[in-house]
Structures are given as structure tokens and as C-alpha cells.
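Undergrad: Below: one structure in C-alpha cells.
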Amino acid sequence: MMAFSTWDIIRNLLLATRWTIALSLAAFIGGGLLGFLILVLRIIPSRAAGLAARAYIEIFQGTPLLMQLFLAFFAPALFGMNVPAWVAAFCALTAWSAAFLAEIWRGCVQAVPLGQWEAGASLGLSYAAQLRHIVLPQALRLAIAPTVGFMVQVVKGTALTSIIGFVELSKAGSIITNATFAPFTVYGCVALIYFALCWPISFGSRWLEGKLNVAHHAH
Amino acid sequence: MTYHFDFGAVLVYWPALLHGVLITLELTGFGAVLGVGLGIVCAYIRLGGPRPLRFIIGVYVEMIRNTPFLVQLFFIFFGLPALGLSLSAIAAAILATVINLGAYSTEIIRAGIEGTPAGQTEAGASLGLTKFESFRHIILKPALARIWPALSAQIIIVMLGTAICSQIAVQELTYAASFIQSRSFRAFEAYFVVTALYLALAILLRQTLRLGGKFLFPWERSR
């Protein structure tokens with residue numbers, strides 16, 4: 001029987017935190033790319049594309065992330081494939097983040113005054129050129145703070161992947177609890193590590209918001 | 001190799017699904033009412049209360065908003081008994097939901113109150129209202145009306161988040177899915193049906209909250 005000191009608990013949790021960070025970054029990048037695609041579908045003047053993008057956002061925002069994880073985990077089995085937990089976790093988190101990011105960014109695009117589009121049109125720019133050179137650069141500035149803020153949701157979302165068996169911070173917490181029978185200490189430490197990851201991001205998001213908004217109002 | 005879908009094998013367990021829906025709604029209902037109530041109290045203290053209390057509420061809000069609900073739930077259900085506070089699964093789930101939504105709604109309501117022009121409070125004072133009356137009628141109600149869409153969105157997020165309570169064996173909708181798949185071996189169909197139920201619940205809840213907003217704040221026209 002091996003005894004766990006508090007240091008052993010923290011060390012093992014910190015080792016597992018690497019996987020939380022890796023999965024968060026991967027899902028954030030994947031979600032960003034897919035989210036951008038959905039954003040474009042959502043705003044281009046095509047009814048079918050807009051409808052498809054809205055349905056996507058509605059479905060992924062209107063169902064629990066946990067269900068999306070379960071479906072990503074069980075659906076490939078229908079075709080005789082067995083996906084490892086991390087693949088299912090990455091796919092579900094990416095699809096889920098994409099829906100939220102697309103919706104956040106749509107708000108930012110809509111906040112760019114219509115006159116900017118019209119000004120671009122009057123210069124003879126194509127729709128794509130208006131989007132690329134006039135609207136998106138302005139929307140990007142507005143999008144930075146809420147996008148950084150959403151990263152906190154992604155980090156917290158990775159906790160759910162423990163339920164389908166991906167060993168990250170929360171799963172490590174459960175495993176260590178089963179070995180040490182010290183749930184108070186272990187889950188307390190787990191919570192503090194998540195806090196240490198997320199709070200600086202939240203703080204940064206608020207700082208950026210203040211900074212960028214001041215500049216925005218000054219125009 | 002082709003797979004034959006069999007949703008019938010899942011739907012015969014409709015009493016389990018119905019029970020799951022009811023427990024999910026119970027968690028959401030308690031969570032929403034008590035959580036928003038907690039948020040109102042905390043926002044009130046945060047804006048005008050004594051400094052140490054304001055600080056404590058600030059710490060509470062930041063702690064909850066920057067940690068996963070799953071960990072909060074495990075801490076309450078598995079961790080608190082070490083301090084001598086043992087809760088049943090459903091009580092722990094309700095407590096976690098209330099604490100979670102309380103933190104988010106504190107921030108949302110505070111933002112709404114901070115957006116209220118100072119002239120309104122002064123107008124209340126000039127009418128001879130007490131501090132509490134002025135808070136209730138002049139500050140809180142317009143603030144709630146303004147942030148009602150944000151609050152509704154958060155309540156729906158909390159409803160979807162209650163899926164996690166299945167992990168401490170609360171018999172809500174996700175638990176029903178796990179139960180059905182363990183009986184029928186139809187994992188995909190079970191989770192698919194339950195996911196569709198969640199989507200329906202989310203849409204229904206959103207419409208209900210929208211109607212509720214119209215009823216509570218009839219002077220707000222912009223929705």
C-alpha cells in the first residue's frame with residue numbers, strides 16, 4: 001500500500017493538467033477554424049447557407065456538451081470503428097466551440113455599421129472584398145475580448161471529457177480520490193488548478209474589453 | 001456492414017424518459033428560481049454592501065465562473081461529507097445548480113444595475129422611497145427587464161448543464177439514457193433520442209422565458 005502525500009496528489013494532478021491544456025488548445029483552434037466557416041455561411045447572402053448555419057448553431061447550442069461527447073464516442077461504433085476517447089473528445093469539443101464562436105463573431109460582424117458595407121460597395125469592391133478588407137478587420141477588433149473569454153468555457157468544457165474516459169485533470173482527480181479517499185483535498189486542488197488556468201484568461205478578456213472598447217468609443 | 005437503427009427499442013422505455021425529463025425540469029426550476037434569487041441578493045450587496053462582504057462575493061463569483069460545474073458538483077457531493085455535510089444526490093445537484101447560476105446571475109444582474117442611470121435612483125430618493133423600496137422598484141425591475149435575454153440564455157445553459165448531474169446518479173434525463181442503453185444495448189439511439197429531447201426542452205424553455213419576460217416586463221417592447 002502506497003501512501004499519497006499532498007505533494008503526490010498535486011504532482012499527479014499537474015501532470016494530468018497538461019492534457020487539459022493540450023485538449024483545450026486543440027479544440028479552441030479546431031473550433032475557431034470550423035466556427036469561421038460557419039460564420040461565413042451565416043452571413044453570406046444565401047438563404048440555404050444561412051439556414052444550414054443557423055440549424056448547426058441551434059443544435060450545438062441547444063443540446064448538452066455531454067450528449068455531444070457521448071454521440072461522438074458511440075456513433076463511430078455503428079460503422080464498426082472504435083475511436084479512442086481523445087478523438088471523440090476533440091471532435092465534440094471542436095463542433096461545440098464552433099457553434100458558440102460563430103455566434104459570438106456574428107454579433108461582432110453585425111456590430112459593424114451597414115454604412116461600411118455600402119462604402120465598400122460604392123468603391124466597386126466585390127462582396128468577398130468588402131468582407132475581407134472592410135468588415136472583418138473591424139469585426140476582429142470587437143471579437144478579440146469575447147473570443148478570449150470563450151476560451152474559459154472551452155477549458156471548463158474539457159472537464160466533461162473525463163466522463164467518456166479521457167484522462168485529464170478531472171479524471172485524474174477521480175482516480176486519485178479513489179486511491180486516497182480524500183475527496184475534499186483532491187477536488188479542492190482540482191478546482192484551484194482550473195481556477196489558476198481560467199482566471200488569468202477571464203482577467204485578460206476583461207482587460208482587453210476595457211482597452212479595446214475605449215478605443216472604439218473614441219472614434 | 002450496415003447498421004439497423006432501432007429507435008423502438010429505446011422508445012419502449014418512455015416512462016424512464018418521462019421521469020428523466022421531470023427531474024431535469026425540477027433541477028432547472030429550483031436552480032433558476034433560487035439561483036436568480038441568490039444572484040439578486042449578491043448583486044445588491046456587491047453594489048452597496050460593506051467592503052468585506054463585497055470582497056467575499058467577488059471571490060465567490062470568480063471561483064464559480066472559472067471552474068467546471070462537474071468539479072463543483074463533485075466537490076459538494078464527495079468533498080463536503082468530509083466536513084460533516086452529507087447531502088443526497090438530488091440535494092447536492094440542486095445546491096450545485098443554485099450556487100453555479102447564482103454566480104453567473106450576480107454578474108449579469110450587476111451589469112444591468114450598473115447600466116441604470118444615476119438619475120433614476122435620485123428620482124426614487126426624491127419621492128421619499130426607502131433605500132430598499134428604491135432598489136426594488138426603481139433599480140432592480142428595469143435592470144431585470146434589460147438583462148432578461150442574457151439571464152434566459154444563462155438559465156438554458158444551466159438546464160443543459162444539469163446533464164452532468166447524472167454522474168452522481170441523479171436520475172435525470174442523461175441518467176435515463178445511460179439506463180436505457182445498458183438495458184437495450186442501443187447506445188447511439190438512446191443518446192440520440194435524449195439529445196433530441198434536450199433540444200426540444202431548450203427551445204420550449206426559451207419560448208417560456210420569452211413569454212415570461214413579456215408578462216413580467218410589459219413595457220419592454222424590443223423583443
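Every number in this text was worked out from the coordinates using simple rules, so none of it is lab data. Only a predicted model underlies this, so the values are computations on that prediction, with no experimental measurement involved. Every residue, glycine as well, gets a Cβ built from its backbone with ideal geometry; the counts of neighbours run over all protein chains shown.
Undergrad: Give the calculated FRET efficiency between A:F4 and B:L11 to the nearest 0.05, with a Förster radius of 51 Å applied to their Cβ-Cβ distance. Please report the intermediate quantities before stating the final value.
TA: On the way: r = 47 Å, r/R0 = 0.92.
In this case the efficiency is close to 0.65.
Undergrad: Could you work out [θ]222 nm for the protein assembly as shown from helices alone, using -39500 (n - 2.57) per DSSP H run of at least four and dividing by all its residues? Round to the nearest 500 deg cm²/dmol. Intermediate values should be presented prior to the final figure.
TA: Working: 17 runs with 331 residues, N = 442.
Dividing the helical sum by the residues of the protein assembly as shown leaves -25500 deg cm²/dmol.
Undergrad: Continuing with this model, one more query. How large is the direction-averaged shadow of the alpha-carbon convex hull of the range B:8-216, in nm²?
TA: Numbers: hull surface 54.2 nm².
That works out to 13.5 nm², a quarter of the Cα hull's surface.
Undergrad: What are the DSSP H helices in chain B that stretch 27 Å or more along their long axis, judged by alpha-carbon atoms, and whose average Kyte-Doolittle hydropathy comes to at least 1.0?
TA: B:14-48, B:89-114, B:141-161, B:187-216
Undergrad: Report the local net charge at A:A179: Lys and Arg +1, Asp and Glu -1, summed over other residues whose C-beta lies under 14 Å from its C-beta.
TA: My count for the surroundings of A:A179 gives +1.
Undergrad: Can I ask one more? Peptide B:55-67: average number of partner chain Cβ atoms within 10 Å per residue? Mind dumping the intermediate values first?
TA: Details: counts 0, 0, 0, 0, 0, 0, 0, 5, 5, 2, 7, 14, 14.
Partner Cβ neighbours, averaged per residue: 4.
Undergrad: Oh, and also: If we count other beta carbons within 10 Å of each Cβ, what is the order of A:T161, B:T208, A:T94, B:T116, fewest first?
TA: Numbers: A:T161 28, B:T208 12, A:T94 21, B:T116 15.
The order, fewest Cβ neighbours first, is B:T208, B:T116, A:T94, A:T161.
Undergrad: Between A:L140 and B:S88, what is the label-to-label distance in nm when each label sits 7 Å out along the Cα-to-Cβ direction?
TA: 5.6
Undergrad: While we're here: Evaluated at 10 °C with a viscosity of 1.306 mPa s, what Stokes-Einstein diffusion coefficient in µm²/s does the range A:19-129 have when Rh comes from the Kirkwood expression over alpha-carbon pairs?
TA: Details: Rh = 15.6 Å.
Diffusion coefficient, whole number: 102 µm²/s.
Undergrad: Now for a separate question. How do A:99-105, B:20-26, A:4-10 rank on mean C-beta neighbours within 10 Å, highest first? Write out the running numbers ahead of the final one.
TA: Numbers: A:99-105: 22.7, B:20-26: 19.7, A:4-10: 13.9.
In descending order of packing, they fall as A:99-105, B:20-26, A:4-10.
Undergrad: Be a star and scan the range B:194-220 for residues whose amide nitrogen sits under 18 Å from the point 7 Å along the Cα-to-Cβ vector of B:K141.
TA: Under 18 Å, as judged by backbone N against the label point of B:K141, lie B:212-220 of the range B:194-220.
Undergrad: Now for a separate question. Over the Cα atoms of the range A:6-218, each weighted equally, I'd like the Debye log10 I(q)/I(0) at q = 0.08, 0.12, 0.16 Å⁻¹, rounded to two decimals.
TA: Here log10 of I(q) over I(0) equals -0.36, -0.73, -1.08.
Undergrad: In whole angstrom, and with the biggest value first, how far do the Cα coordinates of the protein assembly as shown range along each principal axis?
TA: 67, 59, 46
Undergrad: Taking the simple approach of a point 7 Å from Cα along Cα-to-Cβ for both A:L51 and A:F184, what is their distance in nm?
TA: 5.9
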